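Participant: Sharing a structure, written as C-alpha coordinates. Questions coming.
The values are calculated or read from the model by the stated rules, or taken from the named source; none is laboratory data. Keep in mind that what you see is a predicted model, and the values were worked out from it rather than measured. Cβ atoms come from the backbone with ideal geometry, glycine included; neighbour counts cover every protein chain shown. When the accessible area is computed, the model is the full protein with side chains, heavy atoms only, and any ligands, DNA or RNA have been set aside. Shrake-Rupley method; radii C 1.70, N 1.55, O 1.52, S 1.80 Å.
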Amino acid sequence: MKILVTGSAGFIGFHLTKKLIELKHNVTGIDNLNNYYDKSLKISRLKSLENMEYTFHELDINNINVLDDDFDLVIHLAAQAGVRSSVSMIKEYKRSNIEGHEAVLNFCVSRKIKKFIFASSSSVYGSKDKNIFSEKEKKLKPSSYYGETKRINEQFSELIASTKDISILGLRFFSVYGPFGRPDMAYFLFANALKENKEVTLNNRGQMLRDMTYIDDI
(Lines give C-alpha, C1' and ligand atoms only; values in the text may rest on other atoms or scores of the structure.)
Protein backbone atom coordinates (compact mmCIF):
# COMPACT_ATOMS: atom_id res chain seq x y z
CA MET A 1 0.00 0.00 0.00
CA LYS A 2 1.24 3.49 -0.83
CA ILE A 3 0.78 5.68 2.24
CA LEU A 4 1.41 9.35 2.99
CA VAL A 5 2.00 10.28 6.64
CA THR A 6 1.93 13.98 7.57
CA GLY A 7 3.82 15.00 10.69
CA SER A 8 6.11 11.99 10.20
CA ALA A 9 8.92 13.49 12.32
CA GLY A 10 6.54 14.02 15.21
CA PHE A 11 6.16 11.59 18.10
CA ILE A 12 3.17 9.57 16.86
CA GLY A 13 4.04 10.11 13.20
CA PHE A 14 7.55 8.71 13.65
CA HIS A 15 6.39 5.54 15.43
CA LEU A 16 3.61 4.97 12.91
CA THR A 17 5.95 5.51 9.96
CA LYS A 18 8.46 3.02 11.39
CA LYS A 19 5.72 0.43 11.92
CA LEU A 20 4.30 0.87 8.41
CA ILE A 21 7.76 0.47 6.86
CA GLU A 22 8.32 -2.71 8.87
CA LEU A 23 4.99 -3.98 7.49
CA LYS A 24 6.44 -3.45 3.96
CA HIS A 25 4.23 -0.53 2.96
CA ASN A 26 5.54 2.16 0.59
CA VAL A 27 5.68 5.19 2.91
CA THR A 28 6.20 8.88 2.19
CA GLY A 29 6.41 11.31 5.08
CA ILE A 30 6.20 15.09 5.28
CA ASP A 31 6.95 17.42 8.19
CA ASN A 32 7.82 21.11 8.43
CA LEU A 33 10.23 20.45 11.34
CA ASN A 34 9.07 23.49 13.29
CA ASN A 35 10.68 24.51 16.57
CA TYR A 36 7.70 24.17 18.93
CA TYR A 37 10.02 21.90 20.90
CA ASP A 38 13.69 20.98 20.40
CA LYS A 39 14.09 20.35 16.67
CA SER A 40 17.03 18.01 17.31
CA LEU A 41 14.58 15.43 18.67
CA LYS A 42 12.73 15.41 15.35
CA ILE A 43 16.03 15.10 13.49
CA SER A 44 16.99 12.15 15.72
CA ARG A 45 13.72 10.41 14.90
CA LEU A 46 14.34 10.86 11.17
CA LYS A 47 17.93 9.63 11.46
CA SER A 48 16.73 6.41 13.04
CA LEU A 49 14.82 5.73 9.81
CA GLU A 50 17.76 6.44 7.49
CA ASN A 51 18.51 2.79 6.73
CA MET A 52 14.88 1.98 5.95
CA GLU A 53 13.04 2.37 2.64
CA TYR A 54 11.29 5.66 3.22
CA THR A 55 10.81 8.95 1.37
CA PHE A 56 10.80 12.16 3.41
CA HIS A 57 10.01 15.73 2.38
CA GLU A 58 10.48 18.76 4.63
CA LEU A 59 7.21 20.42 3.72
CA ASP A 60 4.44 22.51 5.27
CA ILE A 61 1.06 20.77 4.94
CA ASN A 62 -0.43 23.96 3.49
CA ASN A 63 1.84 23.37 0.49
CA ILE A 64 0.96 19.70 0.10
CA ASN A 65 -0.14 20.15 -3.52
CA VAL A 66 3.50 20.20 -4.65
CA LEU A 67 3.62 16.42 -4.13
CA ASP A 68 3.37 14.53 -7.41
CA ASP A 69 2.78 11.03 -6.07
CA ASP A 70 -0.52 9.18 -5.88
CA PHE A 71 -1.43 7.48 -2.60
CA ASP A 72 -3.85 4.79 -1.47
CA LEU A 73 -4.15 6.25 2.01
CA VAL A 74 -3.29 9.51 3.76
CA ILE A 75 -2.73 9.50 7.53
CA HIS A 76 -2.80 13.11 8.71
CA LEU A 77 -1.03 13.63 12.04
CA ALA A 78 0.64 17.00 11.44
CA ALA A 79 -0.65 19.76 13.71
CA GLN A 80 0.42 22.49 16.06
CA ALA A 81 0.38 20.58 19.32
CA GLY A 82 -0.08 21.67 22.92
CA VAL A 83 -3.17 22.82 24.79
CA ARG A 84 -1.58 25.52 26.94
CA SER A 85 0.16 27.36 24.07
CA SER A 86 -2.98 27.70 21.96
CA VAL A 87 -4.07 30.93 23.67
CA SER A 88 -0.86 32.80 22.81
CA MET A 89 -0.36 31.25 19.35
CA ILE A 90 -3.83 31.52 17.80
CA LYS A 91 -2.56 32.39 14.30
CA GLU A 92 -0.19 29.40 14.28
CA TYR A 93 -2.91 27.02 15.44
CA LYS A 94 -5.39 28.34 12.90
CA ARG A 95 -2.93 28.01 10.01
CA SER A 96 -1.66 24.55 10.95
CA ASN A 97 -4.66 22.85 12.53
CA ILE A 98 -7.58 24.34 10.59
CA GLU A 99 -6.21 25.58 7.27
CA GLY A 100 -3.65 22.76 7.15
CA HIS A 101 -6.26 20.07 7.81
CA GLU A 102 -8.47 21.46 5.06
CA ALA A 103 -5.50 21.58 2.66
CA VAL A 104 -4.63 17.92 3.26
CA LEU A 105 -8.23 16.76 2.97
CA ASN A 106 -8.79 18.80 -0.20
CA PHE A 107 -5.58 17.25 -1.56
CA CYS A 108 -7.12 13.81 -1.01
CA VAL A 109 -10.33 14.79 -2.77
CA SER A 110 -8.53 16.34 -5.77
CA ARG A 111 -6.24 13.30 -6.13
CA LYS A 112 -9.16 10.87 -5.70
CA ILE A 113 -7.57 9.25 -2.65
CA LYS A 114 -10.28 7.07 -1.10
CA LYS A 115 -9.02 6.66 2.47
CA PHE A 116 -8.14 9.33 5.02
CA ILE A 117 -7.27 8.92 8.72
CA PHE A 118 -6.63 11.96 10.89
CA ALA A 119 -5.61 12.81 14.44
CA SER A 120 -8.27 14.44 16.53
CA SER A 121 -7.90 14.75 20.29
CA SER A 122 -9.58 13.98 23.59
CA SER A 123 -9.43 17.77 24.06
CA VAL A 124 -12.66 18.06 22.04
CA TYR A 125 -14.55 16.84 25.11
CA GLY A 126 -13.43 19.78 27.22
CA SER A 127 -13.56 19.48 31.00
CA LYS A 128 -16.85 17.62 31.27
CA ASP A 129 -17.68 16.09 34.64
CA LYS A 130 -17.77 12.53 33.33
CA ASN A 131 -15.82 9.37 34.08
CA ILE A 132 -16.46 7.90 30.65
CA PHE A 133 -16.35 9.74 27.32
CA SER A 134 -18.18 8.55 24.22
CA GLU A 135 -17.58 9.22 20.55
CA LYS A 136 -21.38 9.51 20.26
CA GLU A 137 -21.37 12.66 22.42
CA LYS A 138 -22.70 15.55 20.32
CA LYS A 139 -22.55 18.49 22.75
CA LEU A 140 -18.82 19.02 22.62
CA LYS A 141 -17.42 22.12 24.34
CA PRO A 142 -13.61 22.20 24.14
CA SER A 143 -12.01 24.24 26.92
CA SER A 144 -8.99 25.26 24.80
CA TYR A 145 -8.47 26.74 21.35
CA TYR A 146 -6.43 23.64 20.46
CA GLY A 147 -9.44 21.47 21.29
CA GLU A 148 -11.67 23.78 19.26
CA THR A 149 -9.42 23.40 16.19
CA LYS A 150 -9.78 19.62 16.46
CA ARG A 151 -13.56 19.90 16.78
CA ILE A 152 -13.60 22.03 13.62
CA ASN A 153 -11.50 19.37 11.87
CA GLU A 154 -14.07 16.74 12.78
CA GLN A 155 -16.94 18.86 11.46
CA PHE A 156 -15.17 19.60 8.17
CA SER A 157 -14.23 15.94 7.76
CA GLU A 158 -17.82 14.86 8.37
CA LEU A 159 -19.01 17.29 5.70
CA ILE A 160 -16.47 16.01 3.16
CA ALA A 161 -17.25 12.37 3.97
CA SER A 162 -20.95 12.99 3.34
CA THR A 163 -20.45 14.78 0.03
CA LYS A 164 -17.37 13.15 -1.55
CA ASP A 165 -16.29 9.60 -2.39
CA ILE A 166 -13.85 9.19 0.49
CA SER A 167 -13.80 7.14 3.70
CA ILE A 168 -12.66 9.20 6.72
CA LEU A 169 -11.67 8.11 10.21
CA GLY A 170 -10.85 10.51 13.05
CA LEU A 171 -9.03 9.30 16.17
CA ARG A 172 -9.38 11.12 19.51
CA PHE A 173 -6.05 10.44 21.17
CA PHE A 174 -5.75 10.55 24.97
CA SER A 175 -2.29 11.87 26.03
CA VAL A 176 0.11 9.54 24.24
CA TYR A 177 3.44 8.70 25.87
CA GLY A 178 6.50 6.54 25.20
CA PRO A 179 10.04 6.51 23.73
CA PHE A 180 11.01 9.59 21.67
CA GLY A 181 8.05 11.36 23.29
CA ARG A 182 7.38 15.09 23.38
CA PRO A 183 9.45 16.92 26.02
CA ASP A 184 6.59 19.33 26.81
CA MET A 185 4.36 16.54 28.14
CA ALA A 186 3.76 16.24 31.90
CA TYR A 187 5.21 12.73 32.26
CA PHE A 188 8.47 13.90 30.65
CA LEU A 189 8.64 16.99 32.85
CA PHE A 190 7.97 14.93 36.00
CA ALA A 191 10.59 12.30 35.11
CA ASN A 192 13.16 14.96 34.24
CA ALA A 193 12.58 16.79 37.52
CA LEU A 194 13.00 13.57 39.50
CA LYS A 195 16.15 12.71 37.58
CA GLU A 196 17.64 16.13 38.39
CA ASN A 197 16.40 16.04 42.01
CA LYS A 198 14.11 19.05 41.48
CA GLU A 199 10.60 19.76 42.72
CA VAL A 200 7.72 18.38 40.65
CA THR A 201 5.10 21.04 39.91
CA LEU A 202 1.49 19.83 40.12
CA ASN A 203 -1.20 22.18 38.80
CA ASN A 204 -4.56 22.48 40.59
CA ARG A 205 -2.85 21.19 43.78
CA GLY A 206 -2.69 17.75 42.17
CA GLN A 207 -6.49 17.39 42.12
CA MET A 208 -6.79 15.82 38.68
CA LEU A 209 -6.84 12.55 36.77
CA ARG A 210 -5.48 11.89 33.31
CA ASP A 211 -5.91 8.98 30.90
CA MET A 212 -2.65 8.11 29.14
CA THR A 213 -2.13 5.87 26.11
CA TYR A 214 1.13 4.07 25.33
CA ILE A 215 2.43 4.73 21.83
CA ASP A 216 2.37 1.06 20.74
CA ASP A 217 -1.35 0.91 21.52
CA ILE A 218 -1.94 3.95 19.32
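Participant: Assuming a ≥ b ≥ c are the square roots of the Cα gyration tensor eigenvalues, decide whether the chain counts as rounded (a/c under 1.5), prolate (otherwise, with a/b larger than b/c) or oblate.
Facilitator: Numbers: a/c = 1.83, a/b = 1.23, b/c = 1.49.
Oblate is the answer for the chain, as a/c is 1.5 or above yet b/c matches or exceeds a/b.
Participant: Peptides 194-205, 90-101: what's the order by average Cβ count within 10 Å, highest mean first? Mind dumping the intermediate values first?
Facilitator: Working: 194-205: 8.6, 90-101: 18.5.
The packing order, highest mean first, is 90-101, 194-205.
Participant: So if R0 is 41 Å, what FRET efficiency would Phe156 and Asn26 give, r being the distance between their Cβ atoms, rounded to the nearest 0.05?
Facilitator: Working: r = 28 Å, r/R0 = 0.68.
So, using R0 = 41 Å, E works out to roughly 0.90.
Participant: Considering only protein heavy atoms, with the full assembly of protein chains and a 1.4 angstrom probe, order Leu4, Leu59 by accessible area, largest first. It would help to have the intermediate numbers written out before the result.
Facilitator: Details: Leu4 0, Leu59 25 Å².
Final ranking, largest accessible area leading: Leu59, Leu4.
Participant: While we're here: Kindly identify the stretch 131-218 as rounded, prolate or oblate by the Cα gyration tensor criterion: order the square roots of the eigenvalues as a ≥ b ≥ c, call it rounded if a/c is under 1.5, otherwise compare a/b with b/c, prolate if a/b is larger, else oblate. Numbers along the way, then the final one.
Facilitator: Working: a/c = 2.87, a/b = 2.04, b/c = 1.41.
Verdict is prolate for the stretch 131-218.
Participant: Asp211 versus Met1, label points 7 Å from Cα toward the beta carbon: distance in nm?
Facilitator: 2.4 nm
Participant: Using the Kirkwood radius built from alpha carbon pairs, what does the Stokes-Einstein equation give as D for the stretch 1-78 at 25 °C and 0.890 mPa s, in µm² per second? It would help to have the intermediate numbers written out before the result.
Facilitator: Details: Rh = 12.4 Å.
Approximately 198 µm²/s, per Stokes-Einstein.
Participant: Please work out, to two decimal places, the log10 of the ratio I(q)/I(0) at q = 0.32 Å⁻¹ from a Debye calculation in which every Cα of the stretch 42-83 carries one identical scatterer.
Facilitator: The computed values of log10 I(q)/I(0) come out as -1.23.
Participant: Between the stretch 116-181 and the stretch 12-52, how many Å separate their Cα centres?
Facilitator: Centre-to-centre distance over Cα atoms comes out at 23 Å.
Participant: Roughly how big is the chain's charge dipole about its Cα centre, with Cβ charges of +1 (Lys, Arg) and -1 (Asp, Glu), in debye to the nearest 20? Don't skip to the end; give the middle numbers.
Facilitator: Details: 31 positive and 27 negative charges, 128 e Å.
With only Lys, Arg, Asp and Glu charged at Cβ, the dipole is about 620 debye.
Participant: For each pair in Lys94/Lys150; Lys2/Lys24; Lys18/Lys112; Lys19/Lys47; Lys39/Lys198; Lys2/Lys112, compute the distance between the two Cα atoms and list the pairs where it is over 19 Å. Before the final figure, lay out the partial values.
Facilitator: On the way: Lys94/Lys150 10 Å; Lys2/Lys24 10 Å; Lys18/Lys112 26 Å; Lys19/Lys47 15 Å; Lys39/Lys198 25 Å; Lys2/Lys112 14 Å.
Distance filter (> 19 Å) returns Lys18/Lys112; Lys39/Lys198.
Participant: While we're on this one: Got the relative contact order for the chain handy, in percent, Cα pairs under 8 Å and 6 or more residues apart? Display every interim value, and only then the final one.
Facilitator: Working: 333 pairs, mean separation 41.1, N = 218.
Averaging sequence separation for qualifying contacts and normalising by length gives 19 percent for the chain.
Participant: For labels at Asn65 and Glu199 in the simple 7 Å Cα→Cβ model, what's the distance in nm?
Facilitator: 5.3 nm
Participant: What residues qualify as long-range amide H neighbours of Ala78, i.e. H under 5 Å apart, gap of 5 or more or another chain, H built at 1.01 Å from N?
Facilitator: Thr6, Gly7
Participant: Something else about it: Test of the criteria: in the stretch 8-84, which trypsin sites (Lys or Arg not before Pro) are in a DSSP loop and have at most 16 other Cβ atoms within 10 angstrom of their Cβ?
Facilitator: Lys24
Participant: Decide, for the stretch 143-183, between rounded, prolate and oblate: order the square roots of the alpha carbon gyration tensor eigenvalues as a ≥ b ≥ c, take rounded if a/c falls under 1.5, and otherwise choose prolate if a/b is larger than b/c, else oblate. Mind dumping the intermediate values first?
Facilitator: Details: a/c = 4.01, a/b = 1.80, b/c = 2.22.
The shape class here is oblate.
Participant: Here's a follow-up. Toward the positive end of the charge dipole of the chain, about the Cα centre and with charges on Cβ (Lys, Arg +1; Asp, Glu -1), which of Ser143, Pro179, Ile98 goes farthest?
Facilitator: The residue sitting most towards the positive pole is Ser143.
Participant: Something else about it: Figure the gain on full extension for Arg172 and Asn34 (residue separation times 0.36 nm, minus the Cα-Cα span) and round it to one decimal in nm.
Facilitator: So the chain would gain 47.4 nm between Arg172 and Asn34.
Participant: Okay, next question. Spin-label point model (7 Å from Cα, Cβ direction): what's the Asn192 to Phe133 distance in nm?
Facilitator: Computed distance between label sites Asn192 and Phe133 equals 2.5 nm.
Participant: Rounded to the nearest 20 Debye, what is the dipole magnitude of the stretch 130-211 about its Cα centre when Lys and Arg each give +1 and Asp and Glu each give -1 at the C-beta?
Facilitator: Numbers: 14 positive and 10 negative charges, 52 e Å.
So the magnitude is around 240 debye.
Participant: When the accessible area of the chain is computed with all protein chains present and a 1.4 Å probe, what percentage of it is carbon and sulfur? Walk me through the numbers on the way to the answer.
Facilitator: Numbers: 6450 of 12970 Å².
Carbon and sulfur: 50 percent of the exposed surface of the chain.
Participant: I would also like to ask the following. Scan around Gly29 for amide H atoms under 5 Å from its own, H built in the peptide plane at 1.01 Å from N, and keep only partners 5 or more places away or cross-chain.
Facilitator: Amide H neighbours of Gly29, under 5 Å, 5+ apart: Val5, Thr55, Phe56, His57.
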